Every structure is written in C-alpha cells, then in structure tokens.
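Novice: I have a structure I would like to understand better, so I am pasting it below and will then ask my questions one at a time.
The values are calculated or read from the model by the stated rules, or taken from the named source; none is laboratory data. Small disclaimer: the values here were computed from a predicted structure and weren't measured. Here Cβ is always computed from backbone atoms with ideal geometry, including for glycine, and neighbour counts include all displayed protein chains.
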Amino acid sequence: MIFVPFINKFPEVAEQESLIVSILDDGLSIPRGTYCFLESFCDDPKCDCRKVMINVYDIKNPSQLLATIGFGWEKANYYVKWMHGDPLGREMVGAYLDSAGRQTENASKFLEMWQKMILDEEYLERIKKHYKMVKE
C-alpha cells in the first residue's frame, strides 16, 4: 500500500482545504508555530482501505516531518474483514500514531490536538471526499 500526498494529485483543492494550525499559546505543550496537517491516501484503485495518513509539518521547516497520524473512519469489523479476518484490523480504527511513519517527541501531542480540537464531522466529511477523489 503506497500513500500519495493529496496535494500531489489535487494541488488546487489541497491549497484551499489543507489544515493549517497556528499555536500561539504555550498551554498546549506544543511549541509555538504554524503547522500543516497534510493528507495522504492509498491510490490503488483496487484497495478500499478507507483510511488517511496525516503528516504534520512545521510551515517554517517543511522538510522535517513531525508526526504521522493514521486514521481509519470505519468500525473495527470493516477493517478485520478488509484484512481477511486478521484481528489486527482493529488497530486501524480511529486515530493513532503510525508505527511505520516518522514520529518526534511531540508526535503524541499533535495526535491529541488533532483528535480533540480538529477532528469533527465537517473535517471527517472532507477527508472522505478527498479519499473518494483519489480513488476515482
């Protein structure tokens, strides 16, 4: 499974709809700065993994990946079936730090911020729309 940055396939849409967050308060325990949460999707048309990888970058240093967040929006039984009965499919549900991705000392804080402050129904629908665009 190869994940391709959404911005590579749909640069105009990504420019308008990518998530950029500015941290101005030290209360979040994330260094002050502006961070971009870029979506990547599996572009294999035969694969229906229904997940997104969110790569977190500091706008001032876009060459350094700060966190890789995986997110599967279906229920556990979907992923277990998708993985041909493998119970490890349950680990694809919800948001998690991807063990195959780059993580830094603040990765868990970015995950927590993304889950609590960013992920809402509107954003989830946008992710699903972007997934569908990549798959089509």
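Novice: Can you name the number of the only condition in (1) touching a residue at least 40 places away in the same chain (Cβ under 8 Å); (2) loosely packed, with under 15 Cβ neighbours inside 10 Å that Glu105 fails?
Specialist: Every listed condition holds for Glu105 apart from (1).
Residue by residue, here is whether (1) touching a helix residue (DSSP H, G or I) at 6+ places or on another chain (Cβ under 6 Å); (2) at pLDDT 95 or above holds:
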| position | (1), (2) |
| --- | --- |
| Leu24 | no, no |
| Glu39 | yes, yes |
| Asp43 | yes, no |
| Ala67 | yes, yes |
| Met83 | yes, no |
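Novice: Just checking, does segment 21-37 include any residue being closer than 17 Å to Lys128 by Cα and touching a strand residue (DSSP E or B) at 6+ places or on another chain (Cβ under 9 Å)?
Specialist: Yes; the residues of segment 21-37 include at least one that is closer than 17 Å to Lys128 by Cα and touching a strand residue (DSSP E or B) at 6+ places or on another chain (Cβ under 9 Å).
Novice: While we're here: Need at least 1 residues that are more than 14 Å from the chain's Cα centre (by Cα) per element, so show me which strands (runs of 3 or more DSSP E) inside segment 17-117 make the cut, counting only ones lying wholly within it. Show your work before the answer.
Specialist: Values: elements: 19-23, 33-42, 51-58, 61-72, 94-97.
By residue number, 19-23, 33-42, 51-58, 61-72.
Novice: Would a scan of segment 35-56 turn up a residue that is surrounded by 15 or more Cβ atoms within 10 Å (Cβ to Cβ), touching a residue at least 60 places away in the same chain (Cβ under 8 Å) and more than 18 Å from Arg126 (Cα to Cα)?
Specialist: yes
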